[in-house]
1. Any chance you could count how many residues in the stretch 239-255 are more than 10 Å from ligand 2 (Cβ to nearest atom), surrounded by 15 or more Cβ atoms within 10 Å (Cβ to Cβ) and on the phi > 0 side of the Ramachandran plot?
2. Within the stretch 210-233, is even one residue farther than 18 Å from residue 190 by Cα, at pLDDT 95 or above, more than 16 Å from ligand 2 (Cβ to nearest atom) and out of contact with any helix residue (DSSP H, G or I) (no Cβ under 6 Å at 6 or more places or on another chain)?
3. Has the stretch 155-166 got at least one residue that is in contact with a strand residue (DSSP E or B) (Cβ under 6 Å, 6 or more places away or on another chain), part of a loop (DSSP other than H, G, I, E, B) and farther than 27 Å from residue 284 by Cα?
4. Restricting to the stretch 133-151, name every residue that is part of a loop (DSSP other than H, G, I, E, B) and surrounded by fewer than 24 Cβ atoms within 10 Å (Cβ to Cβ).
5. Restricting the first residue to the stretch 322-338 and requiring it to be under 12 Å from residue 284 (Cβ atoms), which pairs with a second residue that is part of a loop (DSSP other than H, G, I, E, B) and more than 12 Å from ligand 2 (Cβ to nearest atom) meet a Cβ separation below 6 Å and a spacing of at least six or different chains?
6. Restrict the check to the stretch 388-410 and report whether at least one residue is in contact with a helix residue (DSSP H, G or I) (Cβ under 6 Å, 6 or more places away or on another chain), within 15 Å of ligand 1 (Cβ to nearest atom) and at positive phi.
Ligand code: PGA
Ligand code: ZN
């Protein structure tokens, strides 16, 4: 069965910015839609988003990306078999011809690649997760859910980007959602009591009106307790430091506390947090250019804590293997649009799994109603899923899809739970 039509259109993401949607239809009428998400705190080695850069929409329009799909990508893919994901992705990479996908755009490529994937699943009359699982037993992922959003997602109100919780005591995906809902509510109530409630950040987390980065951690622990859970037992803390946003060349500048320090001193601060708070996962603790710092940090706490590489690993299998050789991180954040194609995303995930690294499939701060990543996390048996907070429908659509998958008659074979958290190294 071959691809009969491939069309691209501009739609709008959760920040009201233009993004690329591709729709692929097979000869039998089955079809699939892929949508490019967009990050705000991007790694420098990510696939490049093609944006017009002219006067419209702050330079963020995607007309060039759409033209590339219509004029170059569509003609190359018509008549191809949607089930040949690897072959189609190889064509996309060759067509683009640049190492960072800057000519046709990572946004054009990832939307196309995901549309082809969806079309192949539809052609096989399978929900996407089952199509990806290929008969292997897979489990629903353990969610990381943001409670406060900071960094680039909240006007840099605090330096740290994501203050999240993981319902380590949950026995099902649905129960993890229930526990998270209680903590999110409790955190909002605490903010209100303290006169600090002022809306939500880009991913739906409470806007962090705090004087110090530690205040967010204290409030998070208080919220877990107020919700009736034992911190660290039933609900634990996960952080995305997103340190590449404020760390360069081995210097880290915390704007909120007006402090600048070197890599060691910043790592020391994080290690104090790890000792004081029930933290089970830290993402990008040091900047993407601070490999020695990441190795040292992993050596210090990797045996008891999940250390996640996002900006540093950029969903790239080669970088994952190199990190493993050096001993940096023990878990990989998997973002399809960092890689640019489904095949490269899967290669990074499989490399991580083979090396004993944990994997977390992740959304971006700019999202849509698209729920594909829930299927990727489940069907690829990633173990963990990160999609932002517990508010705003572009986030809730994904959590709700997880509940649907769990409760349908043909459900995955269970819930990954706390055992999905990486440790070791
Ligand atoms: P981004 O951030 O989507 O804004 O780049 C998400 C993350 O750092 O995990
Ligand atoms: Zn991150």
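1. Of the residues in the stretch 239-255, 1 are more than 10 Å from ligand 2 (Cβ to nearest atom), surrounded by 15 or more Cβ atoms within 10 Å (Cβ to Cβ) and on the phi > 0 side of the Ramachandran plot.
2. Within the stretch 210-233 (the criterion being farther than 18 Å from residue 190 by Cα, at pLDDT 95 or above, more than 16 Å from ligand 2 (Cβ to nearest atom) and out of contact with any helix residue (DSSP H, G or I) (no Cβ under 6 Å at 6 or more places or on another chain)), the answer is yes, since at least one residue qualifies.
3. no
4. 134, 135, 136, 137, 138, 139
5. Listed pairs, sorted by first residue: 331/357; 331/422; 332/357.
6. yes
Table: residues versus (1) within 30 Å of residue 150 (Cβ to Cβ); (2) under 15 Å from the mean Cα position of the chain (by Cα); (3) within 16 Å of ligand 2 (Cβ to nearest atom).
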residue	(1), (2), (3)
383	yes, yes, no
389	yes, yes, yes
396	yes, yes, no
403	yes, no, no
407	no, no, no
421	yes, no, no
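Every residue, every condition in (1) closer than 30 Å to residue 411 by Cα; (2) within 16 Å of ligand 1 (Cβ to nearest atom); (3) in a loop (DSSP other than H, G, I, E, B); (4) within 21 Å of the chain's Cα centre (by Cα), yes or no:
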residue: 171; (1), (2), (3), (4): yes, no, yes, no
residue: 180; (1), (2), (3), (4): yes, no, no, yes
residue: 185; (1), (2), (3), (4): yes, no, no, no
residue: 192; (1), (2), (3), (4): no, no, no, no
residue: 198; (1), (2), (3), (4): no, no, yes, no
residue: 202; (1), (2), (3), (4): no, yes, yes, yes
residue: 209; (1), (2), (3), (4): no, no, yes, no
residue: 215; (1), (2), (3), (4): no, no, no, no
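The values are calculated or read from the model by the stated rules, or taken from the named source; none is laboratory data. Everything quoted here is computed from the prediction, not taken from an experiment. Cβ atoms come from the backbone with ideal geometry, glycine included; neighbour counts cover every protein chain shown.
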